Amino acid sequence: MTNRSHSFNVPDKPSLDGIEAKWVDVWNESGVYHFDRTKSREEIFSIDTPPPTVSGSLHIGHVFSYTHTDTVARFQRMNGKSVFYPMGWDDNGLPTERRVQNYYGVRCDPSIPYVEDYVPPAKPDPKRQVPISRRNFIELCDKLTTEDEKVFERIWRTLGLSVDWRHTYATIDDNSRATAQRAFLRNLARGEAYMAEAPTLWDVTFRTAVAQAELEDRDRPSAYHTLSFHREGGEPVLIETTRPELLAACVALVANPDDERYQPLFGSTVRTPVFGVEVPVVAHRLADPEKGSGIAMICTFGDLTDVTWWRELQLPTRPIIGWDGRIVADPPAGLDSEAGRVAYATLAGATVHTARERMIGLLRESGDLLGEPKQITHPVKFYEKGDKPLEIVTTRQWYIRNGGRDEQIREDLLARGRELTWHPGHMSSRYEHWVGGLNGDWLISRQRFFGVPFPVWYPLDDEGNPRYDAPITPAESALPVDPSSEAPEGYTADQRGVPGGFTGDPDVMDTWATSSLSPQVAGGWERDNDLFQRVFPMDLRPQGQDIIRTWLFATVVRSHFEHGSLPWSTAGISGWILDPDRKKMSKSKGNVVTPIDLLEKYSSDAVRYWAASGRLGTDTALDEGQMKVGRRLAIKILNASKFALSVAGQDTAVDASAVTEPLDRSMLAALAEVVAEATAAFENYDHTRALERTERFFWDLCDDYLELVKARAYDTESPAGASARASLLIALSTLHRLFAPFVPFVADEVWSWWQEGSVHGAAWPAAAELRTAAGDGDPQVLAATAEVLRAIRKSKSAAKLSMRAEVSNVVVRGKQADHARLAGADIASAGRAEALDFVPSDDTDLHVEVTLPETVE
RNA sequence: GGGCGCGUAGCUCAGUUGGUUAGAGCCCUCGCCUUACAAGCGAGUGGUCGGAGGUUCGAGUCCUCUCGCGCCCACCA
């Protein structure tokens, strides 16, 4: 017997051990995933990869969604596209600041001077964070994020993402800062960005403004307090409030214009309890007669409705909450009485919580608190990263128009949303509803440190006050700039902060104001315009459903203004990962699973298999069972490939013309359909379907076809043997490529046994070629033949016999047409039957009678 | 209060424009060392498709109502 098993480079004992490390290195050196920028736009598939937040750790949800994108990238690459698949790191912003504070035990104090070669505390003390300069703080941010990014890259490589690692960016790097500043300056020049002093949602912990998109409601216990407002010569007016501490900020009472109970009061005034401030009673449609007593106090500002009332009714401003969340020292205008001032003094400087208790005390003393507070639970607005309720504070901020206050822009942006292809389609409604429900422009300034500075200075007048109406901007060629350390053109550094000199804008941009430019940052906008015109607008934006209102929308806004187009043609929205108890996995719930252990336990291919079995937009449970199945599949691919290649022996050249047997042609015809379906599925971003079809075919091939042709394939004398061997190799080559997007490690491993180059650089299989090789192949031949084989197995199984047991006779009854379809010789050899007889019958179904040897019952 | 999605074998999910006896994997049961694979192979048990009604020759697959779950949005007196 000839030893054929080593004709190709097939290992005796194929294994998944060490497969990741091996191929990560090979791919890195070969550059198989490198983007070819000589290609034209039509030959390129470009992906606007989400930059993960590096101030933490990757969790299994990242693995899930990034695998989806990677399967698409790999398909497109094999299908002939040059794939632009960059990777970014979102390292700018508050999450990094918090991580640096905790990691090093420091905090930023912009008033402190820079220290050369600063060394952070050896042992961070979370309760006593060391104040350091802004520049030192930013240096620590840079240092830590650089380290975090290396860890992330290693995980991504181990997972097998086919990213071109020459194209990376970080949202705080020079390129990102220059891009964000350039885009901002253009928005400013066109009037799309503007500065305004207005009531703003404010996080008192981080002391920064917060955008509408970053809000979330949380249920908090509270209480209704019934307060008595006094009226000249009349009954007191009773209002209910959950925020009695804001009484000093009260500017009016409001009721619904149709509310007959209060109509007589409209136009009159009442006096606030304790403080004795005279305030008008006004009417507004937003006042709900059903709520509380039907009349409410308007404060500047207790909630967003207050802002609406204040604006529309043109009420005075009496703010009492400062940036630090405490009651400000001086009483607001209008609080004139001596008694009122004394009362206010007891509140000044207190936190909101303390002020509430003291205010309740004051109201009890004066007898203006009626009854006991009624305990309730109600939703309160929080910054999604904060843990204290938001306050509303009047501040000067930068905004970008987003349709929240402009009907035409809103319509234009809604139209962009409809222009975009969504996968799954119903995700478009999230965009539609969000844009439709916007109630203000996009607030992009943050009073923080580790972010992109606004490239703006202000001249100081003779008294040293900034002239916000005359901002100084740099030339685009000077970007990126840091106005807090650089002087604007025409000024010298020593003019900073002195009358007649200048001051830099102290704020930084919100992280979304940078990440909304990810296509421009990655694509080389205004930095490498040759690249940019080849990749933009991009083909695909993959992302999570939770950031449609932020990242996706903001990116559309920026592209709409700057380029007059969508930033990409398609959005692929991934679902959530649920833990095995079907709860959404999130850091706050503490049920996050880190991927490294799973990758090591099951192999990257196995974890990818699990991830790829989740459809876009569908929440998927973390299921280690699926990873086990994926591992089994990978091992099966190794073994089946080893078998097919060892049988094929020296027949290295795949000769389609050798495929003559009906069973072989049938198998290839079926495979052609699989290729057609998988291709169509991928083109429609349905990677799950592509995987499912491929996998189904592969297991059937192993179970039935391989068994059927095993004996024949060893026959080197007859054309029938050559037909089997050629068919095996064609199927193998096709399956290796079909599996490549999903299980790239094992796919390249088996490919390397017998092919040149990487499977990931090979051409995606063509259904037409397979159909040609299949000739007149009829898929029913394999189906019918396998059915008979299964019947034989069933008989043996029922008789508790080995599959190797000899069968004396098999009789098949069925229509004559089916007779022709049966590969009798293959069935006989695979079933170990001495004879196979066919008896024509009128019955549509095949009936198989198996006669087992008499020695066994 | 509004919107989106989901409810198919014990579990995780397919089921494409309505069409023959509803599928897969896992689990479980029984069996098999068969020269690619015992981290394997073969076979089998198990759902009438959340509920009700309707359209149709025919519905898991369309319509109405209803129950349950998840997520998002909403002016927090």
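When the criteria are applied in full, A:LEU370 fails the requirement of being open to solvent by less than 40 Å² (accessible area, probe 1.4 Å) and either within 28 Å of A:ARG271 (Cβ to Cβ) or among the hydrophobic types (A, V, I, L, M, F, W, C) (or both). With the requirement that a residue be in contact with a Lys or Arg (Cβ under 9 Å, 6 or more places away or on another chain) and in a strand (DSSP E or B), what does the range A:354-392 give you? Matches in the range A:354-392: A:THR377, A:HIS378, A:PRO379, A:VAL380, A:LYS381, A:PHE382, A:PRO389. Here A:VAL277, A:VAL270 are screened, and the one residue that is under 17 Å from A:THR226 (Cβ atoms), more than 10 Å from RNA strand B (Cβ to nearest atom) and open to solvent by less than 50 Å² (accessible area, probe 1.4 Å) is A:VAL270. Selection of the range A:289-317 for residues being open to solvent by less than 30 Å² (accessible area, probe 1.4 Å) and either among the aromatic types (Phe, Trp, Tyr) or more than 13 Å from RNA strand B (Cβ to nearest atom) (or both) yields A:THR300, A:PHE301, A:TRP309, A:LEU315. Consider the range A:204-216 and keep the residues that are more than 11 Å from RNA strand B (Cβ to nearest atom) and touching a Gly at 6+ places or on another chain (Cβ under 8 Å). The one that is most open to solvent (accessible area, probe 1.4 Å) is A:THR205. When A:ASP219 is tested against the conditions (1) more than 16 Å from A:TRP457 (Cα to Cα); (2) in contact with a Pro (Cβ under 9 Å, 6 or more places away or on another chain); (3) open to solvent by less than 30 Å² (accessible area, probe 1.4 Å), the lone failure is (3). Residues in the range A:411-464 that are in contact (Cβ under 8 Å) with a residue 40 or more places away in the chain, more than 26 Å from A:THR514 (Cβ to Cβ) and either among the aliphatic types (A, V, I, L, M) or touching a helix residue (DSSP H, G or I) at 6+ places or on another chain (Cβ under 8 Å) (or both): A:LEU460 only. Only residues that are buried (at least 24 other Cβ atoms within 10 Å of the Cβ) and not in a helix (DSSP H, G or I) were counted in the range A:703-749, giving 4. Among the residues that make up the range A:404-416, is at least one of them surrounded by 15 or more Cβ atoms within 10 Å (Cβ to Cβ), more than 20 Å from A:PRO567 (Cβ to Cβ) and among the β-branched types (Val, Ile, Thr)? No.
Checking the condition open to solvent by 40 Å² or more (accessible area, probe 1.4 Å), in a loop (DSSP other than H, G, I, E, B) and either closer than 30 Å to A:HIS68 by Cβ or of a type in the set (Val, Ile, Thr) (or both), which residue from A:VAL481, A:VAL498 passes? So that I can check it myself, show each step before the final result.
Values: A:VAL481 fails: open to solvent by 40 Å² or more (accessible area, probe 1.4 Å).
Selected residue: A:VAL498, the only one of A:VAL481, A:VAL498 that is open to solvent by 40 Å² or more (accessible area, probe 1.4 Å), in a loop (DSSP other than H, G, I, E, B) and either closer than 30 Å to A:HIS68 by Cβ or of a type in the set (Val, Ile, Thr) (or both).
Quick check, is A:GLN447 farther than 27 Å from A:ASP619 by Cβ, modelled with pLDDT under 90 and over 23 Å from the mean Cα position of the chain (by Cα)? So A:GLN447 fails the test. Assess whether A:LEU201 counts as being open to solvent by less than 30 Å² (accessible area, probe 1.4 Å), in contact with a helix residue (DSSP H, G or I) (Cβ under 9 Å, 6 or more places away or on another chain), within 15 Å of RNA strand B (Cβ to nearest atom) and of a type outside the set (Asp, Glu). Answer is yes for this residue. Taking the criterion of being more than 9 Å from RNA strand B (Cβ to nearest atom) and on the phi > 0 side of the Ramachandran plot, the only residue of the range A:769-810 that qualifies is A:GLY775.
When restricted to residues that are surrounded by fewer than 22 Cβ atoms within 10 Å (Cβ to Cβ) and of a type in the set (S, T, N, Q), the range A:31-48 contains 2. Taking each residue of the range A:677-690 that is open to solvent by 30 Å² or more (accessible area, probe 1.4 Å) and looking for partners that are among the hydroxyl-bearing types (Ser, Thr, Tyr) with beta-carbon atoms closer than 8 Å, six or more apart or interchain, yields A:TYR685/A:THR570.
Of the residues A:ILE47, A:ILE19, only one is farther than 24 Å from A:LEU622 by Cβ, aliphatic (A, V, I, L, M) and either at pLDDT 90 or above or in contact with an Asp or Glu (Cβ under 7 Å, 6 or more places away or on another chain) (or both); which?
Numbers: A:ILE19 fails: farther than 24 Å from A:LEU622 by Cβ.
That would be A:ILE47, the only listed residue that is farther than 24 Å from A:LEU622 by Cβ, aliphatic (A, V, I, L, M) and either at pLDDT 90 or above or in contact with an Asp or Glu (Cβ under 7 Å, 6 or more places away or on another chain) (or both).
Residues to consider are A:ARG311, A:ARG285; find the one that is charged (D, E, K, R), within 21 Å of A:TRP202 (Cα to Cα) and modelled with pLDDT under 95. Please lay out each step first, then the result.
Working: A:ARG285 fails: within 21 Å of A:TRP202 (Cα to Cα).
Result: A:ARG311 is the single residue among A:ARG311, A:ARG285 that is charged (D, E, K, R), within 21 Å of A:TRP202 (Cα to Cα) and modelled with pLDDT under 95.
Here A:LEU729, A:LEU735, A:LEU671 are screened, and the one residue that is within 30 Å of A:ALA21 (Cβ to Cβ), in contact with a Leu (Cβ under 9 Å, 6 or more places away or on another chain) and away from RNA strand B (no atom under 13 Å from the Cβ) is A:LEU729. Of all the listed residues (A:VAL743, A:VAL750), the sole one being in contact with a Lys or Arg (Cβ under 7 Å, 6 or more places away or on another chain) and at pLDDT 95 or above is A:VAL743.
Results for (1) of a type in the set (S, T, N, Q); (2) more than 30 Å from A:ARG318 (Cα to Cα), shown as yes or no for each residue.
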residue	(1), (2)
A:HIS167	no, yes
A:ASN175	yes, yes
A:GLN181	yes, yes
A:ARG186	no, yes
A:GLU197	no, no
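From A:ASP142, A:ASP125, which residue is open to solvent by 50 Å² or more (accessible area, probe 1.4 Å), part of a helix (DSSP H, G or I) and more than 30 Å from A:ALA612 (Cβ to Cβ)? Result: A:ASP142 is the single residue among A:ASP142, A:ASP125 that is open to solvent by 50 Å² or more (accessible area, probe 1.4 Å), part of a helix (DSSP H, G or I) and more than 30 Å from A:ALA612 (Cβ to Cβ).
For the range A:616-636, the condition holds for at least one residue, the condition being that it is out of contact with any helix residue (DSSP H, G or I) (no Cβ under 8 Å at 6 or more places or on another chain) and open to solvent by less than 30 Å² (accessible area, probe 1.4 Å).
Kindly indicate the residue of the range A:243-260 that is of a type in the set (D, E, K, R) and within 12 Å of RNA strand B (Cβ to nearest atom) and also surrounded by the most Cβ atoms within 10 Å (Cβ to Cβ) among those meeting that condition. Talk me through it step by step, then tell me what you get.
Start the filter on the range A:243-260 by keeping residues that are of a type in the set (D, E, K, R), which leaves A:243, A:245, A:258-260.
Those left that are additionally within 12 Å of RNA strand B (Cβ to nearest atom): A:243, A:259.
Numbers: A:ARG243: 18, A:ASP259: 16.
Among those that are of a type in the set (D, E, K, R) and within 12 Å of RNA strand B (Cβ to nearest atom), it is A:ARG243.
If you go through the range A:225-242 and keep only what is within 11 Å of RNA strand B (Cβ to nearest atom) and crowded, with 19+ Cβ neighbours inside 10 Å, you end up with A:HIS225, A:THR226, A:LEU227, A:ILE239, A:GLU240, A:THR241, A:THR242.
Of all residues in the range A:556-573, those that are more than 10 Å from A:ARG416 (Cβ to Cβ) and in contact (Cβ under 8 Å) with a residue 60 or more places away in the chain have Cβ atoms under 7 Å from Cβ atoms of residues that are basic (Lys, Arg) and not in a helix (DSSP H, G or I), 6 or more apart or on another chain, in A:TRP568/A:ARG541; A:ALA571/A:ARG541. Screening A:TRP398 with (1) assigned to a helix (DSSP H, G or I); (2) open to solvent by less than 60 Å² (accessible area, probe 1.4 Å); (3) more than 16 Å from RNA strand B (Cβ to nearest atom) gives one miss only, at (1).
Of the residues A:VAL328, A:VAL393, which is out of contact with any Phe, Trp or Tyr (no Cβ under 6 Å at 6 or more places or on another chain) and either over 13 Å from A:LEU247 (Cβ atoms) or of a type outside the set (Ser, Thr, Tyr) (or both)?
Values: A:VAL393 fails: out of contact with any Phe, Trp or Tyr (no Cβ under 6 Å at 6 or more places or on another chain).
None of the others qualify; the one that does is A:VAL328.
The values are calculated or read from the model by the stated rules, or taken from the named source; none is laboratory data. Keep in mind that what you see is a predicted model, and the values were worked out from it rather than measured. Heads up, the Cβs are rebuilt from the backbone with ideal geometry, glycines too, and the neighbour counts pull from every protein chain shown. Surface areas here come from the heavy atoms of the whole protein model, side chains and all, with no ligands, DNA or RNA. Shrake-Rupley method; radii C 1.70, N 1.55, O 1.52, S 1.80 Å.
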